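Trainee: Structure below; questions to follow.
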Amino acid sequence: MITKTLGELAEYVGGRVRGDANIKIHSAATLGRAGEGDISFLSNEKYEKQLLSTKASAVIVGKDTVTASAPLLVAEDPYYAFMQIMVLLHGHRKHKKVGISPKAVISDSAKVGAGCHIHEFATIADGAKVGDGCVIYPCAYIGENVQIGNDCILYPNAVIYEGCRIGNRVIINSNATIGEDGFGFASHNGVHHKIPQIGCVVIEDDVEIGAGCGIERGTLNDTIIGQGSKLGDLVAIGHGTKVGPHCLLVAQVGIAGSTTMGHHCVVGGQAGIVGHIIIGNNVAIGAQAGVINSVADGKVVLGAPAIDANQGKRAYGMIQYLPEMRQSIRDLQTQIERLLSGGGGEVQRPEEP
Amino acid sequence: MITKTLGELAEYVGGRVRGDANIKIHSAATLGRAGEGDISFLSNEKYEKQLLSTKASAVIVGKDTVTASAPLLVAEDPYYAFMQIMVLLHGHRKHKKVGISPKAVISDSAKVGAGCHIHEFATIADGAKVGDGCVIYPCAYIGENVQIGNDCILYPNAVIYEGCRIGNRVIINSNATIGEDGFGFASHNGVHHKIPQIGCVVIEDDVEIGAGCGIERGTLNDTIIGQGSKLGDLVAIGHGTKVGPHCLLVAQVGIAGSTTMGHHCVVGGQAGIVGHIIIGNNVAIGAQAGVINSVADGKVVLGAPAIDANQGKRAYGMIQYLPEMRQSIRDLQTQIERLLSGGGGEVQRPEEP
Amino acid sequence: MITKTLGELAEYVGGRVRGDANIKIHSAATLGRAGEGDISFLSNEKYEKQLLSTKASAVIVGKDTVTASAPLLVAEDPYYAFMQIMVLLHGHRKHKKVGISPKAVISDSAKVGAGCHIHEFATIADGAKVGDGCVIYPCAYIGENVQIGNDCILYPNAVIYEGCRIGNRVIINSNATIGEDGFGFASHNGVHHKIPQIGCVVIEDDVEIGAGCGIERGTLNDTIIGQGSKLGDLVAIGHGTKVGPHCLLVAQVGIAGSTTMGHHCVVGGQAGIVGHIIIGNNVAIGAQAGVINSVADGKVVLGAPAIDANQGKRAYGMIQYLPEMRQSIRDLQTQIERLLSGGGGEVQRPEEP
């Protein structure tokens, strides 16, 4: 267990302390659960009142104007500071140094770099190359001629079909599938004929793929997940689609084939994006959105069909008023009818004598 | 094969017979497919007319006012009676008693209880504890220091990451993933930095997890699936979320992180729930709903965005009338214009001379 | 590498050449990426202008009225011709002839046909039958008494629970689960009691199941995936549902239990279909649709709730106008009020003096 003073932590993250800088911190916890020795974090304004009751020894905040019962670590980017402190105090997952298990199956023509840990029941097929420092958990499968860079992690039962190329520091979680055939069939006389999918999947450096994802290989071009992008669980990516660098795709997102997404996009959970469109850079797409047209750089869209977020927030939120709107229209029609027929509006205004 | 008389079955479930109580029953089948020796079940009112044509030897019903061609077993809770009879006649899945396969890999520091059956290619990592009477199928993975109670079943390729705690009589279906890292990144200068996820996943007693689910471990707090809750296939649960006891989450539901759900909630297929909200007890959420705000106890909501079901059923069903509503509004505007300009409504009423 | 002249390819697919029939073709590529020796394909009208700039040696098109910089192969069904040429030039995936790995576990009571390739860490349980020419990849699991026809492929970590029946030439991709228990519980006094699921899953000939799918076994009747149907990734099929022949279910589709779907249906990505309804033949269902009622033969529906596509495209596209519609209604109400009270409309028309 690592212990630091609050002052040391503040220095580490480039922040400053309000309160006792000598207080000792050894772990992180939420405001509601933190106790002595814990540093906590104000992640969301709606928890701000918890600052008064938290038993945390310190709290990371973004501004020092808050009132709190504990010393504060004020940081410009408090979430980033929180991440840095989490890494410092707790670190990332440690992987057991198992070496190369004799119960793994590694082809004679495969190459495994230095410092790899290959668990039992993993398969590395013919011609595959695994870089240095990789950890391959049980029942992971690395197909023929797959190339994997350095310091990658394949969790149990992750599967990579043949020929795919994986960068450095890529994490593929359990039961994710990379490089299965694209959903490509030529329908002729009522029968769907499978089209060979000769593209592959390219996953660039620093990508994380969530549990249970499915990323199809391309028909002709490769499917690409750009550098630093992160996919949540159960995300489906269609064949030939390119996700740019530094995108965040939350759980259960689906992107159909041959779509191109720029860099730094954020896609909310369960959103769907049709094929053959272009999503620009820095685009934000709301959860459950249905994107059916290309989206320009910097746009924020939501809803199904997806529209500009400002408009969409109001518009989709107004669906609930449809019954009364329809009734209003009918009332108006009745009133107009009366006016047109010279009958006046008395019946509609019973409150008047 | 077990054979019972209808009278015996009625006594077993606390119901009563209308018709021949001596008729012999050995299995269950649907009304449309049942034959001699089968007991059937009226699961849905719209199948009620099949009661006249069924070839079942008996039918479980909830009230004896129905007309049927077969003897009836009248039970207060007919679906529950059906379940009891299914268990009596057919039983739950029998698992082969394979003992501890020499082809499984079980760490020396792991503990496996009495009467467990551990199949080939299963892995039980360092420090893990498996209770009595568990069945661990091939290629299932139990990570370091995972704790599993008694009488659990892990189907092939189920994966539990390190440190998660599983109760008694828990069923985890194939290709489900428990305890992968939460989707937590601190974005700083355009790069997404992974935040260590130091919570774990706690699955309480009598939970069933569907095939292909992904349940993230918490950042700081644990992700919890409450006692007796059942998750369908391909459900995604975000980090730090708490699903209360006795909830039903149908296939492809997604719940983002740090949301708290009470007990006895029912969530329809493909519904999505945002993070950091509170779902009360006994809440029902419609299929494909998009829940973006907290929901009070006992509420029934549907639609995306989700609203009260009574209102929502009408409102969302009214979207189809938007084109005619919009046309009506335009017509009204035209008519009003005419009225305001003193032009009368003649053009709008061409049927009048 | 196979090389053909354009004339040979045209003859092979029953098309005709416009331009130099002697040009040599050895592979396929997209219009934007093709180079010498590549044949390309106009898959979508919006790429038509690329015909002028492509460096492909030839392009497959459906009509010879287009202007192109390359010789054309004109085919009646160009996508089908493209498929035929892809198969001719590139072929389908070749599977290594591994025979029966001694590291697979095959029950003594299981039967494996001639010419099968069973990889390491695969399990074939008691009483299972695998036909001729099947390829079973590592960590695939074939449960007790499962029957598999000829020439099937199970990719790594595909799981088939006991008793399911798989036809000929079926492809099951990685991490897909076939035959897990249906989501069937009898809720009684607040507790959900598991109902034994005694149906199984039947997958007919020529079906392909995407990565990560979950197909539940039936409670009483079997769940059926009809001949020639293709399921994308992460599709969830409920217990007792029947998908007819030659359907296409795109990624992340969910169909609840006891629904019957006819033949030649196409279901867009993320669409959901409730249980206990009937989808006719040749039905098309839009992406993200929510189908809550039976759909007649030949219908095209979209939206949630799903309605006729012609109506739906307009109606759902009109949600964005709700705010202005509501404002218009209010304006009309104000104007009518004035008219009814004899106040005229002057205030509403400030542009008039």
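The values are calculated or read from the model by the stated rules, or taken from the named source; none is laboratory data. Everything quoted here is computed from the prediction, not taken from an experiment. Note: ideal-geometry Cβ built from the backbone for every residue, glycine included; neighbour counts use all protein chains shown. When the accessible area is computed, the model is the full protein with side chains, heavy atoms only, and any ligands, DNA or RNA have been set aside. Shrake-Rupley method; radii C 1.70, N 1.55, O 1.52, S 1.80 Å.
Trainee: Within the bounds of segment A:169-177, is there any residue that is farther than 23 Å from C:ILE136 by Cα and either open to solvent by 20 Å² or more (accessible area, probe 1.4 Å) or in contact with a helix residue (DSSP H, G or I) (Cβ under 8 Å, 6 or more places away or on another chain) (or both)?
Mentor: Looking through segment A:169-177, at least one residue is farther than 23 Å from C:ILE136 by Cα and either open to solvent by 20 Å² or more (accessible area, probe 1.4 Å) or in contact with a helix residue (DSSP H, G or I) (Cβ under 8 Å, 6 or more places away or on another chain) (or both).
Trainee: Only one of (1) under 21 Å from A:PRO305 (Cα atoms); (2) under 25 Å from the mean Cα position of the chain (by Cα) is not met by B:GLY298, so which one is it?
Mentor: Failed condition: (1).
Trainee: Quick check on my filter: what residues within segment A:138-153 are more than 12 Å from chain C (Cβ to nearest Cβ), part of a strand (DSSP E or B) and either closer than 21 Å to B:ALA140 by Cα or open to solvent by 20 Å² or more (accessible area, probe 1.4 Å) (or both)?
Mentor: A:GLN147, A:ILE153
Rundown of residues vs (1) in a loop (DSSP other than H, G, I, E, B); (2) on the phi < 0 side of the Ramachandran plot; (3) touching a Gly at 6+ places or on another chain (Cβ under 6 Å); (4) more than 8 Å from every other protein chain (Cβ to nearest Cβ), yes/no style:
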{"site": "A:GLN252", "(1), (2), (3), (4)": "yes, no, yes, no"}
{"site": "A:GLN270", "(1), (2), (3), (4)": "yes, no, yes, no"}
{"site": "A:ASN293", "(1), (2), (3), (4)": "yes, yes, no, yes"}
{"site": "A:ARG314", "(1), (2), (3), (4)": "no, yes, no, no"}
{"site": "A:GLN320", "(1), (2), (3), (4)": "no, yes, no, no"}
{"site": "A:ILE336", "(1), (2), (3), (4)": "no, yes, no, no"}
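Trainee: Considering segment C:25-69 alone, what residues qualify as being more than 9 Å from chain A (Cβ to nearest Cβ) and touching a residue at least 40 places away in the same chain (Cβ under 8 Å)?
Mentor: Across segment C:25-69, the qualifying residues are C:ILE25, C:HIS26, C:ILE39, C:SER57, C:ALA58, C:ILE60, C:ASP64.
Trainee: Being in contact with a His (Cβ under 9 Å, 6 or more places away or on another chain), open to solvent by less than 10 Å² (accessible area, probe 1.4 Å) and of a type outside the set (S, T, N, Q), is that true of even one residue in segment A:154-164?
Mentor: The answer is yes; a qualifying residue exists.
Trainee: Next question, about the same structure. Considering only residues of segment B:284-298 that are in contact with a Leu (Cβ under 9 Å, 6 or more places away or on another chain) and hydrophobic (A, V, I, L, M, F, W, C), which is farthest from B:CYS247 (Cα to Cα)?
Mentor: B:ALA289
Trainee: Ok, one more. Take segment A:85-119 and flag every residue that is open to solvent by 40 Å² or more (accessible area, probe 1.4 Å), farther than 20 Å from B:ASN221 by Cβ and facing chain B (nearest Cβ under 9 Å).
Mentor: A:LYS96, A:LYS103
Trainee: Ok, one more. Scan the strands (runs of 3 or more DSSP E) fully inside segment B:163-242 and keep the ones with 2 or more residues being touching a Lys or Arg at 6+ places or on another chain (Cβ under 9 Å) and not β-branched (Val, Ile, Thr).
Mentor: So the answer is B:177-180, B:185-188, B:191-194.
Trainee: Suppose we keep only residues that are under 12 Å from the mean Cα position of the chain (by Cα) and farther than 14 Å from B:ILE237 by Cα within segment B:266-283. Which one would you say is least open to solvent (accessible area, probe 1.4 Å)?
Mentor: B:GLY268
Trainee: Out of everything in segment C:1-26 that is of a type in the set (Lys, Arg) and within 32 Å of the chain's Cα centre (by Cα), what residue ends up being nearest to C:LEU73 (Cα to Cα)?
Mentor: C:ARG16
Trainee: Continuing with the same structure: Among (1) surrounded by fewer than 22 Cβ atoms within 10 Å (Cβ to Cβ); (2) free of Cβ contacts under 8 Å to residues at least 24 places away in the same chain, there is one condition B:HIS263 misses while meeting the rest; what is its number?
Mentor: (2)
Listed here are the residues, each with its yes/no results for (1) of a type in the set (Gly, Ala, Ser); (2) surrounded by fewer than 23 Cβ atoms within 10 Å (Cβ to Cβ); (3) assigned to a helix (DSSP H, G or I); (4) modelled with pLDDT under 95.
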| site | (1), (2), (3), (4) |
| --- | --- |
| A:GLU8 | no, yes, yes, no |
| A:GLU11 | no, yes, yes, no |
| A:VAL17 | no, yes, no, no |
| A:ALA21 | yes, yes, no, no |
| A:LEU31 | no, no, no, yes |
| A:ALA34 | yes, no, no, yes |
| A:ILE39 | no, no, no, no |
| A:SER43 | yes, yes, no, yes |
| A:LYS46 | no, yes, yes, yes |
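Trainee: Moving on. List, please: which pairs have Cβ atoms under 8 Å, are six or more places apart or on different chains, and start with a residue in segment A:193-215 that is free of Cβ contacts under 8 Å to residues at least 60 places away in the same chain and more than 8 Å from chain C (Cβ to nearest Cβ) and end with one that is assigned to a loop (DSSP other than H, G, I, E, B) and among the basic types (Lys, Arg)?
Mentor: A:GLN197/A:ARG217; A:GLY199/A:ARG217; A:CYS200/A:ARG217; A:VAL201/A:ARG217; A:ASP205/A:ARG169; A:ASP206/A:ARG169
Trainee: For segment A:297-307, check the following and say yes or no: at least one residue is out of contact with any Phe, Trp or Tyr (no Cβ under 6 Å at 6 or more places or on another chain) and without any contact (Cβ under 8 Å) to a residue 12 or more places away in the chain.
Mentor: Looking through segment A:297-307, at least one residue is out of contact with any Phe, Trp or Tyr (no Cβ under 6 Å at 6 or more places or on another chain) and without any contact (Cβ under 8 Å) to a residue 12 or more places away in the chain.
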